[in-house]
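Shown next, in C-alpha cells, is the structure this report addresses.
The values are calculated or read from the model by the stated rules, or taken from the named source; none is laboratory data. Bear in mind the structure is a predicted one, so any value in this text is a computation, not a measurement. Reconstructed Cβ throughout: ideal geometry from the backbone, glycine too, with neighbour counts over all protein chains shown.
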Amino acid sequence: MERVLLLHMPLAVPTVPNLAVELLAGVLARSGIEADVFYGTCRLARTPAISSYIHSITGGVIFTPLYYSSESPESVARRLIDCPKAVSELFGNFKRFRAERRDAPAEWGVPRRSVGSEWPFGSDCDELLADVLTHMDAARLCLKRCLEDIPVGRYDVFAFSLMFDAQKLASLALAKWLKEREPHAAVLFGGTACDGDMGYELLQRFPCVDAVAQGEADLTIAGAIRALRGERPLESIPGLLFRFGTTVTASPPAPKLEQLDALPVPDYTSFLQQLSASDWKHDDPFILFEASRGCWWGERHHCKFCGLRADGLAYRRKSPARVRAEIQELASRYPVHRALYSTDAILDYRALRNLMPTLPGLAARHQWKLFFELKSNLHKHEVALLSESGVTTVQPGIETFSDRVLALMDKGNRGIRQVQFLKWLASYGIGIIYNIILGTPGE
C-alpha cells in the first residue's frame, strides 16, 4: 500500500509533539500523498526515573541491545558503568532523581531489576546498573509496542525524524525491526541529528537506512517520497543522501523555504490521541508553533557558543497576521491545552511593534500561556507588553553575568542589564528559564 509513516522516537519528551513531522504531514497531504504520524515516544513506559534518561547524553544506551542483538543488556550496561566519562553525567541525573523520586510500585511501567549480590561496582553504581537494566527492559517494551501498533503492510515508506542524537538508537532499532518484517519498504532518516557527516555515517554504518534527507524538507519531501517509490531518480531530489552501489552519494543542497506563511497549520489531533492512550496520559502536553526560522542576531553576531550552523542562521519569519491567526487557531482547536510554545530560536524584534500589541484581547479570551526565546536587552515596557499578550514563560539569552565573558561570547549585552531584565520579568510574573555557561574560551 502506498502510504507514508512519519515517526518520532525516544528519547524525546513524550508530552512534546514533533512540529517538523506535523508540518511535513500537512505538506504531503497537499501533494496528494497519504501520510500518518506515529509517536514512539508515547509508547515509552513512564517510570519515576525515565527523565534521567530522556535528559541525558548517554540515555540512548538503553536502546543499544535492541539494534546490536549480539550484545546482551548486561554486557552493555556493565561497560557503561565502567566508563567514567559516560557514567558521570547519567549518574548526576540518577542521584538527583533518587533524592526526589517516589518508589510506589504502581509508578513503574516495567518490573524493577534488583541489585545482584555479585556485582562489583559498589552500592551507588550497583543501584545505577540495576536502574539502567530496568530501563533497557522499558526500551524493549517500547519497541514491542511500536511494532504491534504499526499495521503490517500498510506503509511503503517509513520516515524517521531525528531532532536529537538521543533518538538515533531507538530510531535505528525500530527501522531494523521494520525492515526485517517488511523488507520492501523504504526507510528515510532526516532532521538536525542527520546533518553533515552524521548523515553520511548513518548510510555507511546502518544498512536498514535507505536514504537521508538533509536540510529543510518542506520543498523536497514529496519528491523524496516519490523517488523512494521509484517514480523519479534519487539524484534529482535536492538534499538527499543515498547509496550508489557501495558509495554514499549526495544530491545538491535542499533549498530553504523563504515564504513561511505557505506552511500549513500543524494538526496535533493524532498526537493528542496517542498521548491520551499512553502511560503519559495524565501529563499536560505542549502545543508547538513556529513564527520564524534562523536567528536575526546570529546573522550579524554569531554567538560563540551557538549550536546553530552558520548556514542555518538565515532569518525568515511569518507575517504578524499569520502568527496571530495561527496562535488563535491552535488555542481554539485545543482549548484544554493552553501551553503554546514557540520553537523559534529568537523572538523577532519587530514582534514587539507589530504582533504583541494585537494579542492582549485574544490572550484574555483564550487564557493561553505563551513561551518564547528572546534576547535579554528588552525594556521594561516591552516586558509589560509580553505579560499582557499572554506570555507566561521565556528563555532569555543570559549565559553569564560577566561583562568580559559576554563580550567574548559576542552577546551584545552587559551583566547589569541581564540582572535588570530578570528583575523585570519576575515583577511581571513571567517564568524564567536560562542557562549559565562555564568554560568559554578565554574566560
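Structure above, values below:
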item: Condition broken by Gln328, with the remaining ones in (1) in contact with a strand residue (DSSP E or B) (Cβ under 9 Å, 6 or more places away or on another chain); (2) of a type outside the set (D, E, K, R); (3) assigned to a helix (DSSP H, G or I) satisfied; result: (1)
item: From the options Leu386, Leu425, Leu378, Leu370, residue that is touching a residue at least 40 places away in the same chain (Cβ under 8 Å), crowded, with 18+ Cβ neighbours inside 10 Å and part of a strand (DSSP E or B); result: Leu370
item: Output for the stretch 350-367, where each listed residue is over 15 Å from Lys318 (Cβ atoms) and either in contact with a strand residue (DSSP E or B) (Cβ under 6 Å, 6 or more places away or on another chain) or outside any helix (DSSP H, G or I) (or both); result: Gln367
item: Residues (modelled with pLDDT of 95 or more, assigned to a loop (DSSP other than H, G, I, E, B) and surrounded by 14 or more Cβ atoms within 10 Å (Cβ to Cβ)) located in the stretch 258-279; result: Leu263, Pro264, Val265, Pro266, Asp267, Tyr268, Ser278
item: Filter pass, Ala159 being in the same structural domain as Ala25 (by TED's automatic domain parsing), buried (at least 22 other Cβ atoms within 10 Å of the Cβ) and within 24 Å of Thr247 (Cβ to Cβ); result: yes
item: Filter pass, Gly239 being in the same structural domain as Phe189 (by TED's automatic domain parsing) and in contact with a Gly (Cβ under 8 Å, 6 or more places away or on another chain); result: yes
item: Within the stretch 347-375, considering residues that are more than 19 Å from Ala291 (Cα to Cα) and small (Gly, Ala, Ser), the one nearest to the chain's Cα centre (by Cα); result: Ala364
item: Qualifying residue in the stretch 21-28 (condition: touching a Pro at 6+ places or on another chain (Cβ under 8 Å) and closer than 21 Å to Val110 by Cα); result: no
item: Residue in the stretch 137-148 that is assigned to a loop (DSSP other than H, G, I, E, B), in the same structural domain as Cys194 (by TED's automatic domain parsing), surrounded by 15 or more Cβ atoms within 10 Å (Cβ to Cβ) and modelled with pLDDT of 80 or more present; result: no
item: Residue in the stretch 232-251 that is without any contact (Cβ under 8 Å) to a residue 40 or more places away in the chain and either at positive phi or in contact with a His (Cβ under 8 Å, 6 or more places away or on another chain) (or both) present; result: yes
item: Complete set of residues in the stretch 322-350 that are of a type in the set (Gly, Ala, Ser) and out of contact with any Leu (no Cβ under 9 Å at 6 or more places or on another chain); result: Ala325, Ser332
item: Filter pass, Pro65 being in contact with a Pro (Cβ under 6 Å, 6 or more places away or on another chain) and either surrounded by 18 or more Cβ atoms within 10 Å (Cβ to Cβ) or not basic (Lys, Arg) (or both); result: yes
item: Residues being of a type in the set (Phe, Trp, Tyr) and more than 14 Å from Gly199 (Cβ to Cβ) - total across the stretch 230-255; result: 1
item: Residue that is nearest to Thr220 (Cα to Cα) [pool: residues in the stretch 2-58 that are at pLDDT below 95 and not in a loop (DSSP other than H, G, I, E, B)]; result: Ile54
item: Boolean, Leu178 is modelled with pLDDT of 95 or more and either buried (at least 24 other Cβ atoms within 10 Å of the Cβ) or within 27 Å of Thr343 (Cα to Cα) (or both); result: no
item: Single residue of the stretch 68-84 satisfying the filter (at pLDDT below 85 and crowded, with 18+ Cβ neighbours inside 10 Å) that is farthest from Leu143 (Cα to Cα); result: Ile81
item: Qualifying position, being more than 24 Å from Ser270 (Cα to Cα) and under 22 Å from the mean Cα position of the chain (by Cα), among Cys208, Cys194, Cys142; result: Cys194
item: Residue list for the stretch 195-253, filter: assigned to a loop (DSSP other than H, G, I, E, B) and touching a Cys at 6+ places or on another chain (Cβ under 7 Å); result: Gln214
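Rundown of residues vs (1) of a type in the set (D, E, K, R); (2) touching a residue at least 40 places away in the same chain (Cβ under 8 Å), yes/no style:
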{"site": "Asp261", "(1), (2)": "yes, yes"}
{"site": "Pro285", "(1), (2)": "no, yes"}
{"site": "Ala325", "(1), (2)": "no, no"}
{"site": "Leu340", "(1), (2)": "no, yes"}
